[in-house]
Amino acid sequence: MKLKPVLTLGLALSGLALAAPQRYEMQSYVNSVKKWEPAFAWCDAPDRVLAVTRPASTDPNEVQPVTFMRWLKRNPGQPYIAQYLLGPSEGAAGTVYTSLIPPGRTPHSEATPQSFVSISNVENVIDPAYRMTHVNEFKLDGKSYRCRYVPQAAFMGATNKRTVIVWDNGRAATYATRNFDGTPGVYVTGGQKRQQAEATVYEFKTGDGYTYQLKIAPQEYSGNAELSVLRQGQVIQTEPFLAYSISLPAKGQP
């Protein structure tokens, strides 16, 4: 039987939709003054964690107030917190540079040092090849702080003791840490994810009775993220995150 042209076209388009690669959306949050806020960007630099809250407007030409935070990894107690100005943004060679203006300075002051947030326009979740967008660096008063990047991570966050990374292929998840004090981190495969209304929960069990449990609440339920370590089912350690990013399937995909 000969297919009608319209039917043939419909089958072809259906096949393209099935073959379309999975796209993701990266959401970032920062623990700002005891409440969670969406982050414009955060940075897991070698000696510190840096973060900037998301401004009210997404217009790259606007200059807007944001909260800037810095935690030193050698002494992560209370963060340095200040109100900065963010913007405007401009692109160059696959990178978007967004001005970061310290208190007491103005966007057009000649005395303003070179401070900005640099984000890749290539290694970006707009491209299905990447689950995470690359925050290249924070530059503050002319000094550069390069940021850790894990392109295929489903989750990456920093507590006051370690970086936590989770990979998730849809069947099983892998957990790894990078400890700030230089001690070896852990690497656990075979983790499982539970999707609940109030949180995404990852659990990773080891052969010697430890469980690493990661809970990530969506924004409508506070946006909080927390790492718990259990032994034989009992919680022995809990660490709240300072900042984190989670990569989720994009909405409205074909």
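How far, in nm, would the chain grow between Tyr210 and Arg74 when pulled straight, counting 0.36 nm per residue and subtracting the alpha carbon separation?
On the way: separation 136, 0.36 × 136 = 48.96 nm, distance 2.66 nm.
That pair, Tyr210 and Arg74, stretches by 46.3 nm at full extension.
Excluding Thr98 itself, what net charge comes from residues whose Cβ is under 14 Å from its Cβ, given Lys and Arg +1 and Asp and Glu -1? Don't skip to the end; give the middle numbers.
Details: positive: Arg54, Lys139; negative: Asp59, Glu62, Glu90, Glu137.
Net of charged neighbours comes to -2.
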Can you tell me the FRET efficiency between Val229 and Val33 if r is taken as the Cβ-Cβ distance and R0 is 30 Å, rounded to the nearest 0.05? 0.70
Per residue convex hull volume, Cα atoms of the stretch 66-166, in Å³: 116 Å³
Quick one: which residues, 5 or more positions from Arg54 or on another chain, have an amide H under 5 Å from its amide H? H modelled 1.01 Å from N in the peptide plane, none for Pro or chain starts. Ala39, Phe40
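If the only charges are +1 at each Lys and Arg Cβ and -1 at each Asp and Glu Cβ, what is the size of the charge dipole of the stretch 36-164 around the Cα centre, to the nearest 20 debye?
700 debye
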Starting from the stretch 212-252, pick out the trypsin sites (Lys or Arg not before Pro) whose DSSP state is loop and whose Cβ has at most 11 other Cβ atoms within 10 Å. Lys251
Residue of Val66, Val33, Val135 that the Gaussian network model of the chain assigns the largest fluctuation, springs spanning Cα pairs under 10 Å: Val33
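Using a ≥ b ≥ c from the Cα gyration tensor of the stretch 120-254 (square roots of the eigenvalues), is it rounded, prolate or oblate, where a/c under 1.5 gives rounded and otherwise the larger of a/b and b/c decides, a/b for prolate? Mind dumping the intermediate values first?
Numbers: a/c = 1.74, a/b = 1.24, b/c = 1.40.
Here the stretch 120-254 falls in the oblate category.
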Rolling a 1.4 angstrom probe over the protein heavy atoms, how many square angstrom per residue are accessible across the stretch 88-181? 48 Å²
For the stretch 129-178, what class follows from the C-alpha gyration tensor (a ≥ b ≥ c being the square roots of its eigenvalues): rounded when a/c is under 1.5, otherwise prolate if a/b is larger than b/c, else oblate? oblate
When only alpha-carbon atoms are used, what values of Rg and Dmax, in angstrom, describe the chain? 20.8, 77
Given a 10 angstrom Cα cut-off, can you work out which residue in Ala176, Ala56, Ala225 is the most mobile in a GNM of the chain? Ala56
Would you calculate the separation in nanometres between label points at Asp141 and Gln237, each defined as 7 Å from the Cα along the Cα-to-beta-carbon direction? 3.3 nm
Compute the Rg/Rh shape ratio of the stretch 146-203: radius of gyration over Kirkwood radius, all on alpha-carbon atoms. 0.99
Just how many pairs of Lys in the chain have C-alpha atoms closer than 23 Å, counting pairs that are eight or more places apart or on different chains? 17
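Please give the FRET efficiency for Gln83 paired with Gln196, using the beta carbon to beta carbon distance and R0 = 30 Å, rounded to the nearest 0.05.
Working: r = 36 Å, r/R0 = 1.18.
Calculated value: 0.25.
By average Cβ neighbour count within 10 Å, what is the ranking of 184-195, 155-166, 234-245 from highest down?
Values: 184-195: 13.1, 155-166: 22.6, 234-245: 17.1.
Ranked by mean Cβ neighbours within 10 Å, highest first: 155-166, 234-245, 184-195.
How big, in percent, is the set of alpha carbon pairs in the stretch 18-109 lying more than 16 Å apart? Spell out each step's value before the answer.
Numbers: 2602 of 4186 pairs.
Value for the stretch 18-109: 62 percent of Cα pairs lie more than 16 Å apart.
Grab the Cα-Cα distance for Asp181 and Ala92, subtract it from 0.36 nm times how many residues apart they are, and report the gain in nm with one decimal.
Value of the extension gain: 28.4 nm.
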Mean projected area (nm²) from the convex hull of Cα positions in the stretch 203-242 is 3.0 nm²
Any idea what the relative contact order of the chain is, in percent, if you count C-alpha pairs under 8 Å spaced at least 6 apart? 17 percent
Once phi is turned into ³J(HN,Hα) by the Karplus curve 6.51 cos²θ - 1.76 cosθ + 1.60 with θ = phi - 60°, what whole-Hz value does each residue of the stretch 237-242 show in order, with x for glycine and proline? 7, 9, 10, x, 8, 7
Which residue, Tyr221, Tyr202, Tyr97, tops the fluctuation ranking in a GNM of the chain built on C-alpha contacts under 10 Å? Tyr221
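Which percent of the accessible area of the chain is formed by carbon and sulfur heavy atoms (probe 1.4 angstrom)?
Numbers: 7330 of 14000 Å².
Looking at the chain in its full context, I get 52 percent from C and S.
The values are calculated or read from the model by the stated rules, or taken from the named source; none is laboratory data. Keep in mind that what you see is a predicted model, and the values were worked out from it rather than measured. Ideal geometry is used to build each Cβ from the backbone, glycine not excepted, and the neighbour counts take in all protein chains shown. Calculation scope for accessible area: heavy atoms of the full protein, side chains included, ligands and nucleic acids excluded. Shrake-Rupley method; radii C 1.70, N 1.55, O 1.52, S 1.80 Å.
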